[in-house]
Each structure stands twice: as structure tokens, then as C-alpha cells.
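To start, the structure itself, in C-alpha cells.
The values are calculated or read from the model by the stated rules, or taken from the named source; none is laboratory data. If you're wondering where the values come from, they're calculated on a predicted model, not measured in any experiment. Neighbour counts run over all protein chains shown; Cβ positions are idealised from the backbone, glycine included. When the accessible area is computed, the model is the full protein with side chains, heavy atoms only, and any ligands, DNA or RNA have been set aside. Shrake-Rupley method; radii C 1.70, N 1.55, O 1.52, S 1.80 Å.
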Amino acid sequence: MRDSPPRELISLADDEGNSVTVRVLGRNPRWTAGLDAEIVVRTPFVSGRVDLALYVARLESWADALDRLDAGEDVAWMEMSRGPSLFVQLAGEYGCPEVIVEDESGSMVTLRVPLVPPEDWIADHRRRLRMVMDHWVPMLSG
């Protein structure tokens, strides 16, 4: 049995100190079908975080995004919804993958984080997603 619930849905980092993480904080006390979460960006230049609501459809759309990434396609996750969006471009402007976090509806800030994830990062993120869904989804209603 696990000592603590799975928290990191997304954890992309490189040796240069750049990282983008989506961390599950717990059940939303006001919305029984949702989870409180956050996107955390850390680079040697800038760091920040933004609140995020997760629910089953968003988790399922992350699974679809991982499939598209595995097929070599760029993805947009949570685009055109309330709250922040996350984009992964496999061949970014700097010759390496980039994660773009856009908070157009809130702070109106966009961050582009170039990073080189480990070779097995998609398989790792499928495992992370499965652990988050197995633990958290049965607790949600609606």
C-alpha cells in the first residue's frame, strides 16, 4: 500500500534546471467532481505557479495527448478551456522539446520552457496518469 497519494501527474525536467510540473493537491472541497491542482514552472530565470482544476475528462484528455506525443505530434492540453493551457512542442524553437504554459484567462502570462526530457518520459507519464486516476477518480462524483 502507498504511504501517500500520487501527486505528480506531470513532471518534466532537465539537467539545466528547467521544469514543468502538474501537481495534484487534493479533492476540491467545494466541487465533488474535481481535484485542486497546480502547474509549477521552475527555470534559472523565472519561477511561478498557477491553480488548476482537474476532473475526469481532463485526465482522459491527457491520456489522449500522451498518445499523440508518442505518435510524434505536438499537443495542446486544456486549450480553449477555463484556466491555464499546456502545450508540448516536440521540436521547439531551440531545437529541443518545449513546454508552453499559457494563463490567458488569468494572469495573461505565457511561459515557454525548453527542456530535454529523458528518453522514456512518455511511458513514465502514462504510469503517473494511471496512478493518479486509480487513486483519485474513485473519490470523485459526477
Checklist entry - Which numbered condition trips up Pro44, out of (1) farther than 21 Å from Ser105 by Cα; (2) crowded, with 17+ Cβ neighbours inside 10 Å? => result (2)
Item to check | Residues (touching a residue at least 40 places away in the same chain (Cβ under 8 Å) and loosely packed, with under 12 Cβ neighbours inside 10 Å) located in the stretch 24-41 | outcome: Thr32
Item to check | Which listed residue, of Gly26, Gly72, is small (Gly, Ala, Ser) and closer than 19 Å to Arg128 by Cβ | outcome: Gly26
Checklist outcome for this item: Out of (1) over 11 Å from the mean Cα position of the chain (by Cα); (2) open to solvent by less than 20 Å² (accessible area, probe 1.4 Å); (3) of a type outside the set (Val, Ile, Thr), the one Trp62 does not meet is (1)
Checklist outcome for this item: Residues in the stretch 3-22 that are among the charged types (D, E, K, R), surrounded by fewer than 17 Cβ atoms within 10 Å (Cβ to Cβ) and more than 15 Å from Val113 (Cβ to Cβ) total 2
Checklist entry - Restricted to the stretch 105-131, and to residues that are small (Gly, Ala, Ser) and in contact (Cβ under 8 Å) with a residue 24 or more places away in the chain, which residue is nearest to Pro84 (Cα to Cα)? => result Gly106
Checklist outcome for this item: Matching residues in the stretch 93-142 (in a loop (DSSP other than H, G, I, E, B) and either open to solvent by 70 Å² or more (accessible area, probe 1.4 Å) or more than 18 Å from Ile39 (Cβ to Cβ) (or both)) number 14
